[in-house]
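Asker: Shown below is the structure under consideration.
What follows is calculated from the coordinates using simple rules that are stated; it is not laboratory data. Since we're looking at a predicted model, the values are computed, not measured. Note that each Cβ is placed from the backbone with ideal geometry, even for glycine, and that neighbours are counted across all protein chains shown.
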Amino acid sequence: AAVTKDVLVDGMTCSHCVSSVTEELTAIDGVENVTVDLNAGGTSRVTIHSAAPIDSDAVKAAVEEAGYAVAGSP
Ligand code: 9UX
């Protein structure tokens, strides 16, 4: 993957949350792999690996579609 982008996400508390966010983000054009450092009591760090530049608005929309909130960038 050519590009990596980290985003901070609030509200993820279990492995199913991780699956939901991963699924939505993987649907974005170019995204190849998503890893999540789950922090159940606070803000989790989500790392997106993509072949193409990653659009921040698309990331925000995907996270919200999964039911969570982007808390910013690390
Ligand atoms: Mo279950 Mo993870 O509602 O928030 S998907 S705890």
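Asker: What do you get for the angle between helix 15-26 and the principal long axis of the chain? Use alpha-carbon atoms, 0 to 90 degrees, nearest ten.
Answerer: Value to nearest ten degrees: 20.
Asker: Tell me what the chain gives for mean residue ellipticity at 222 nm when only DSSP H runs of n ≥ 4 count, each as -39,500 (n - 2.57), the sum divided by the residue total, rounded to 500 deg cm²/dmol.
Answerer: Dividing the helical sum by the residues of the chain leaves -9500 deg cm²/dmol.
Asker: Starting from the amide H of Ala71, placed 1.01 Å from N in the peptide plane, find each other amide H under 5 Å away whose residue is 5 or more places distant or on another chain.
Answerer: Leu8, Val9, Asp10
Asker: Could you state the angle between the C-alpha long axis of helix 56-66 and the longest principal axis of the C-alpha atoms of the chain, as a value from 0 to 90 degrees rounded to the nearest 10?
Answerer: Its long axis makes an angle of about 40 degrees.
Asker: Given the Cα-Cα distance of Ser19 and Asn33 and 0.36 nm per residue of separation, how much length would full extension add, in nm?
Answerer: Fully extending the segment from Ser19 to Asn33 adds 3.8 nm.
Asker: Looking at the calculated P(r) for the chain, what percent of the C-alpha pair distances fall above 18 Å?
Answerer: Of all Cα-Cα pairs in the chain, 26 percent lie more than 18 Å apart.
Asker: Another one. In nm, to one decimal, how far is the Thr4 label point from the Ala52 one, both placed 7 Å along Cα→Cβ?
Answerer: The answer from the label model is 2.2 nm.
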